[in-house]
Amino acid sequence: MDTRGENLLICADQVAASHEAAERFLCAAMRSVAERGSFFVAVCGGRSPVGMYEALAGREFADLVPWEFTELFFTDERCVPPESEDSNYRLVNHYLLSAVPIPEPNTHRFRGEDPPQQAAERYEREMHEVIGSIPRFDLIVLGLGQNTHIASLFPNTAALDEVGRHAVANYVGELDAHRLTLTFPVINHARQVLILAFGTDKAEALAVALTAPRDVSRRPVQGVHPTSGHLLWIADNAAASRL
């Protein structure tokens, strides 16, 4: 884990970091469409990516992203309907999808209103149909949780050990609830992974993730290692204050 900090970009504040993330999103989209004719991306919920979504929906980026050729998926979802305030889809739709010309069929959400196992299996099938039997995303955007979880891969949960499935219903004991999530095999197969960490409340998690001995069961983010892709951490000064 001695190289974990080599791909860390520290920005002055969350606005600058969000703008940097939006630029990375745009570059990945343009390169993917130019080289392969489509852009496969998986995005997350939570507070960290909101600024990136607002930037992508704004004047500087909205007309440059090739939305027509973008297939947008989600890294994870809560087991709630899409209109719920807890829904990752609702958040991304509010800040991004409703403001850009992405074709409706190109947005692929976990059906959080369905039984968890059924929703995960359906989502996995959809990924296979759209991307391929071994899905390779051009970009996956993750936010770092305070307990070092990413997507809905929480500490000491069964999904951390999944090697065959690409999407699962993961029971999270600390929440007493199932979460729908992508797994490490598909995350680590991506061409590029961004991990966002903003704010002082993420400072300890970022420091632990980058400096503590590797222990994926306790610190799930340490399981993110693209096998033939690129990992970039983007943090603001507040989140990097303990490094």
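Descriptive notes on the structure:
- Residues that are out of contact with any Asp or Glu (no Cβ under 7 Å at 6 or more places or on another chain) and surrounded by fewer than 13 Cβ atoms within 10 Å (Cβ to Cβ) within the stretch 97-114 comprise Ser98, Pro101, Glu104, Pro105, listed in sequence order.
- Sole exception among (1) out of contact with any helix residue (DSSP H, G or I) (no Cβ under 9 Å at 6 or more places or on another chain); (2) over 23 Å from His189 (Cβ atoms) for Glu35, by number: (2)
- Single match in Ile195, Ile234 (criterion: touching a residue at least 24 places away in the same chain (Cβ under 8 Å), within 29 Å of Pro105 (Cα to Cα), under 18 Å from the mean Cα position of the chain (by Cα) and part of a strand (DSSP E or B)): Ile195
- Subset tally (residues that are touching a strand residue (DSSP E or B) at 6+ places or on another chain (Cβ under 6 Å) and surrounded by fewer than 21 Cβ atoms within 10 Å (Cβ to Cβ)) for the stretch 80-96: 1
- Strands (runs of 3 or more DSSP E) contained entirely in the stretch 1-102, each with at least 2 residues that are closer than 22 Å to Leu206 by Cβ and of a type outside the set (Phe, Trp, Tyr): 8-11, 39-43
- Residue under evaluation Arg179, criteria (1) assigned to a helix (DSSP H, G or I); (2) touching a Cys at 6+ places or on another chain (Cβ under 8 Å), criterion not met: (1)
- Scan of the stretch 126-165 for residues that are of a type in the set (Lys, Arg) and in contact with a His (Cβ under 7 Å, 6 or more places away or on another chain), ordered by number: Arg136
- Against the conditions (1) at pLDDT below 95; (2) of a type outside the set (A, V, I, L, M, F, W, C); (3) closer than 21 Å to Pro135 by Cβ, Arg4 satisfies every one except (3).
- Residue in the stretch 4-17 that is surrounded by fewer than 16 Cβ atoms within 10 Å (Cβ to Cβ) and on the phi > 0 side of the Ramachandran plot present: no
The values are calculated or read from the model by the stated rules, or taken from the named source; none is laboratory data. This structure is a prediction, so every number in the text was calculated from the model and none was measured. Please note: Cβ atoms are built from the backbone with ideal geometry, for glycine as well, and neighbour counts cover all protein chains shown.
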